[in-house]
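Working notes for the structure below.
The values are calculated or read from the model by the stated rules, or taken from the named source; none is laboratory data. Model, not experiment: these values are computed from the prediction. Cβ sites come from the backbone with ideal geometry, for glycine too, and all protein chains shown count toward neighbours. Remember, those area values only see protein heavy atoms, side chains included, never the ligands or the DNA or RNA. Shrake-Rupley method; radii C 1.70, N 1.55, O 1.52, S 1.80 Å.
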Protein chains: 2
Amino acid sequence: MIVSILSIGDELLIGQTINTNAAWLGKELSLIGARIQQVLTISDDEHIIRKAIDESTADLCIVTGGLGPTKDDRTKKVLAAYFDMPLVEDKETLNHIAEFFARRNRPMLQVNIDQALLPKGCEILPNRMGTAAGMWFKAKGKSVISLPGVPYEMKGIFQEEILPRLQENYNLNALYHQTIITHGMGESFLAERIGAWETSLEEAKLSLAYLPSPGMVKLRIGSHNGKVDKQLIEGKINELQTIIPELIVGYGEDTLSTVVAKQLASQHKTVGTVESCTAGSLATSIVGNSGSSEYFRGSLLTYQTSMKSSLLGIEPEFIELYDVVSEEVVKRMAEAGKERLGVDYCLSTTGIMGPTAGDSQHPVGTVWIGLASSRETVAKKFHFGDNRLRNIEMSTLAALNLLRLALLED
Amino acid sequence: MIVSILSIGDELLIGQTINTNAAWLGKELSLIGARIQQVLTISDDEHIIRKAIDESTADLCIVTGGLGPTKDDRTKKVLAAYFDMPLVEDKETLNHIAEFFARRNRPMLQVNIDQALLPKGCEILPNRMGTAAGMWFKAKGKSVISLPGVPYEMKGIFQEEILPRLQENYNLNALYHQTIITHGMGESFLAERIGAWETSLEEAKLSLAYLPSPGMVKLRIGSHNGKVDKQLIEGKINELQTIIPELIVGYGEDTLSTVVAKQLASQHKTVGTVESCTAGSLATSIVGNSGSSEYFRGSLLTYQTSMKSSLLGIEPEFIELYDVVSEEVVKRMAEAGKERLGVDYCLSTTGIMGPTAGDSQHPVGTVWIGLASSRETVAKKFHFGDNRLRNIEMSTLAALNLLRLALLED
């Protein structure tokens, strides 16, 4: 089944709203084996909407947006006219809308009553979450579904009304794919390192996509031959694990932060941080996981150099001797933090974030990351670029990865 | 100028990546007066890419994605073939790539060298942040810009290379607008409070858009009569300042964080934070501004309750008596932080971030924010919703605003 998604709304075009609906639909539809041909975002304009419907060549076109009660919502009228279906009152929808307002103790306005006027001949898809019903048009050789743009209403109708019908009526030759999350090597190096394995995928008619994002490369293995290839793909992932064991962070929706959180929780270990250049970004990323109060105790953000003495007790002479961005200082930071925070693991960071190096002798992007545990204290040096926010992000990920590897060993 | 955006990548179609690039470009282009005709997202497929370029009717088509060094990136080759431009080595790009790897102490691979092979005849748009150069094709009656899909690289090239050229070569004077950044009141309440002023804008044929984002409402006043209305708009902004003086944070690209950073720097004051529920997000947001080491000293992240005693010296009995989420505790946190960090201002946070309230008697979303200064210690209670990450974000903004208002008074 080939599906096209048509997103309607000026707020999407001018970037006031990010098109998360299309991404959500894309994910859901891929999971049941549909292939997304394209996502087209257009203006709330009659002619443009008609043209887009007319030119759609997919087996199914899913339209989102433009079903609200206000004047700038045009989708329903345009579709009714396109499919020559007059708007008539739908009793069930009207009852639902009346109940909807009654339950909220709010008066029903004429514009809300008008939402029960629906094209005669389309299949009505009830919207439990709101007042704009979904509609499924099967006419003129086309299959077009219209859904409201409000994300939770759109999702509700899709899950309750559309998904069961799709699974019944189409022969979905499921697309099967698996995503492997890697950290620690750039896209080009990774491609070289796994080159032979990648060639073996091509020979097996499996596809491979590299999806880079800051500090990460996701590898997506896919097959249009669905269930048949499931075992084959799992075999290939097992092979990859032997080629780049240290680079694989997780699978699917995992991130470094969620993986480390799971490790800490299951190993009953606690963590704290002593941050200079990352200034809390590391702590924030750990605490982003709900339940973090089980394993995250606290942090000391010793941003100015003098704080490393006053809060951690590192002698100014020691810092002067080795430099504030050094292996010796980052190790002392981690050790002092481990003791003062009373944690099993303490991560530490010190570096030059940029955009300028100030009076440091190190180039912008130089970062030392330390980790103190009951076993040992280690430190690692990194060179990122000259973009301040990206350096903070990259340092945060590198620190999480250091902890991940230590937790794997312990 | 009419612009169409073409986003290339299977990861967008299957919803693995949300198309934030298109939203960002849409916003930037709208701001300079361009009209976005459509956003089309398609697969990394030669024929589909060619067809999309062929059918584009906009004055300018901006393509993102598919410029990486790996095999699944096809955009450059397809565009070179479409415009009949052979790929030849570009010396400057090659030098840049070589430097890029040298600075990171990493060897340059053949796939990276190949990124300097660029279509002969297109305008090369240097990519300071990465290795995939942008390209501007002006041929076959079309104007097509190709940019990498990595967001910060795409944004860098757009801002440094494209924006200045667009402003030079197109007549974009048409739209004049000013944006006012407000914090502290939701969209509907704000609309009611400034209702009379909004009516006066309509009478003056000026447009007003409400652009809400978490914790903020931006008000965009626009005119299609360009320079003529510039003074009129400035007069209206002056009027607004007398209506909602305490809600206006800044203008244009200001954020609470940049505004507070400017205040601290110009008033030669220092700041630190003692964070529980925000866990470093407040510190991170202050340090996001370059030059922050002038005024930001450090933080104590006392996430677990016992840390409030061990790091701040607040007696366990005191916390037991008043509750860890209370006015009394948040004030003690701010005062202890002011003293221990040696700062002029110390912000503190304690609250229930969710998704569950644990064993607290407060509902999820309850947050106390404190501020200690040489003048006084104040605290304010907030109720946000039940979304963990949004609560952290909202608390961070509310704390920055408390500091902003205090700095205005001092």
Next item on the list: Run down B:Gly68, B:Gly26, B:Gly121, B:Gly130 and say which single residue is in the same structural domain as B:Met154 (by TED's automatic domain parsing) and on the phi > 0 side of the Ramachandran plot.
Entry: B:Gly121
Next item on the list: Answer yes or no: is there a residue in region B:332-343 that is farther than 26 Å from B:Ala261 by Cα, open to solvent by 40 Å² or more (accessible area, probe 1.4 Å) and not assigned by TED's automatic domain parsing to the domain that holds B:Met185.
Entry: no
Checklist line | Among the residues listed as A:Leu408, A:Leu403, the single one being touching a residue at least 60 places away in the same chain (Cβ under 8 Å), under 31 Å from the mean Cα position of the chain (by Cα), farther than 18 Å from A:Gly280 by Cβ and not in a strand (DSSP E or B) | finding: A:Leu408
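Among the helices (runs of 4 or more DSSP H) contained in region B:229-331, which hold 2 or more residues that are hydrophobic (A, V, I, L, M, F, W, C) and modelled with pLDDT under 95? Talk me through it step by step, then tell me what you get.
Numbers: elements: B:230-243, B:256-267, B:281-287, B:305-310, B:316-322.
It comes to B:230-243.
Of all residues being of a type in the set (Val, Ile, Thr) and buried (at least 22 other Cβ atoms within 10 Å of the Cβ) in region A:290-316, which is nearest to the other protein chains (Cβ to nearest Cβ)? Just the residue, please. Full working, then the answer.
So the first thing to find is which residues in region A:290-316 are of a type in the set (Val, Ile, Thr), and the list is A:302, A:305, A:314.
The next check asks that each one be buried (at least 22 other Cβ atoms within 10 Å of the Cβ); those that pass are A:302, A:314.
Numbers: A:Thr302: 5, A:Ile314: 13 Å.
Ranking the candidates gives A:Thr302 first.
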Margin query: So for region B:146-163 (the condition being buried (at least 19 other Cβ atoms within 10 Å of the Cβ), within 14 Å of chain A (Cβ to nearest Cβ) and among the acidic types (Asp, Glu)), does at least one residue qualify?
Written below: yes
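Looking for whichever is open to solvent by 20 Å² or more (accessible area, probe 1.4 Å) and assigned by TED's automatic domain parsing to the domain that holds B:Ser276 here; the options are B:Ser326, B:Ser360, B:Ser348. Which one fits? Write out each step before concluding.
Numbers: B:Ser326 fails: open to solvent by 20 Å² or more (accessible area, probe 1.4 Å); B:Ser348 fails: open to solvent by 20 Å² or more (accessible area, probe 1.4 Å).
Result of the check over B:Ser326, B:Ser360, B:Ser348: B:Ser360.
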Check: Can you name the number of the only condition in (1) without any contact (Cβ under 8 Å) to a residue 24 or more places away in the chain; (2) open to solvent by 70 Å² or more (accessible area, probe 1.4 Å) that B:Ser374 fails?
Finding: (1)
Checklist line | Single residue of A:Ala52, A:Ala81 found to be open to solvent by 40 Å² or more (accessible area, probe 1.4 Å) and either modelled with pLDDT of 95 or more or acidic (Asp, Glu) (or both) | finding: A:Ala81
Note to self: Need the failing condition index for B:Leu166 against (1) touching a residue at least 60 places away in the same chain (Cβ under 8 Å); (2) in contact with a strand residue (DSSP E or B) (Cβ under 9 Å, 6 or more places away or on another chain); (3) open to solvent by 10 Å² or more (accessible area, probe 1.4 Å); (4) outside any loop (DSSP other than H, G, I, E, B), just the number.
What the structure shows: (3)
Margin query: Based on this model, can you work out whether A:Gln241 counts as of a type in the set (S, T, N, Q), outside the structural domain of A:Met216 (by TED's automatic domain parsing) and open to solvent by 10 Å² or more (accessible area, probe 1.4 Å)?
Written below: no
Note to self: Can you tell me which residue is most open to solvent (accessible area, probe 1.4 Å) among those in region B:97-120 that are over 30 Å from B:Tyr82 (Cα atoms) and among the charged types (D, E, K, R)?
What the structure shows: B:Arg103
Margin query: Given the options B:Thr70, B:Thr64, name the one that is in contact with a strand residue (DSSP E or B) (Cβ under 9 Å, 6 or more places away or on another chain) and at pLDDT 95 or above.
Written below: B:Thr64
